[in-house]
1. Contact list please: Cβ distance under 6 Å, first residue in the range 27-45 and in a loop (DSSP other than H, G, I, E, B), second residue among the charged types (D, E, K, R), pairs at least six apart or on different chains.
2. Look through Glu21, Glu12, Glu42 and report the one residue that is at pLDDT below 95 and acidic (Asp, Glu).
3. Name the residue that is modelled with the highest pLDDT, counting only residues in the range 24-39 that are exposed (fewer than 15 other Cβ atoms within 10 Å of the Cβ) and closer than 16 Å to Gln8 by Cα.
4. Give all pairs with beta carbons closer than 9 Å in which a residue from the range 54-79 that is touching a residue at least 60 places away in the same chain (Cβ under 8 Å) and under 19 Å from Lys33 (Cβ atoms) meets a residue that is in a helix (DSSP H, G or I) and of a type in the set (Val, Ile, Thr); count only pairs at least 6 apart in sequence or on separate chains.
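The values are calculated or read from the model by the stated rules, or taken from the named source; none is laboratory data. Since the structure is predicted, the reported quantities are computational estimates derived from the model, not experimental observations. Virtual Cβ from ideal backbone geometry, glycine too; neighbours counted across all protein chains shown.
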Amino acid sequence: MTVQPTVQLIFEAKGMTVQIELIDNKAYKGTLKNVDYNLNCELTNATQIQTNQKFEQIVIRGSQIKFVKVPDELYNSPIFKQK
């Protein structure tokens, strides 16, 4: 299975703080503990941005994700240098 560079970037973000915006415009920020090939994401120590509600752990279904904001240090990832 070939994984697209953008998906690889999300896999590299494991253990880092990410922000995930959903198609219903809710946004969550937390530590990316796990992600699978369907982009189902597990966040720990997460906060829903709009309500400031805290979650020890939350699982977000990949089909509900609009975008994932990864840390700036990943922008220098070798993934972007691949041809």
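1. Hits for this filter: Asn40/Arg61.
2. Working: Glu21 fails: at pLDDT below 95; Glu42 fails: at pLDDT below 95.
After ruling out the rest, the residue left standing is Glu12.
3. Filtering the range 24-39 down to residues exposed (fewer than 15 other Cβ atoms within 10 Å of the Cβ) leaves 24-25, 34, 36-38.
Retained after the next criterion (residues that are closer than 16 Å to Gln8 by Cα): 34, 36-38.
Details: Asn34: 97, Asp36: 94, Tyr37: 90, Asn38: 93.
Going through the qualifying residues, I end up with Asn34.
4. Final answer for the pair search is Val70/Ile10.
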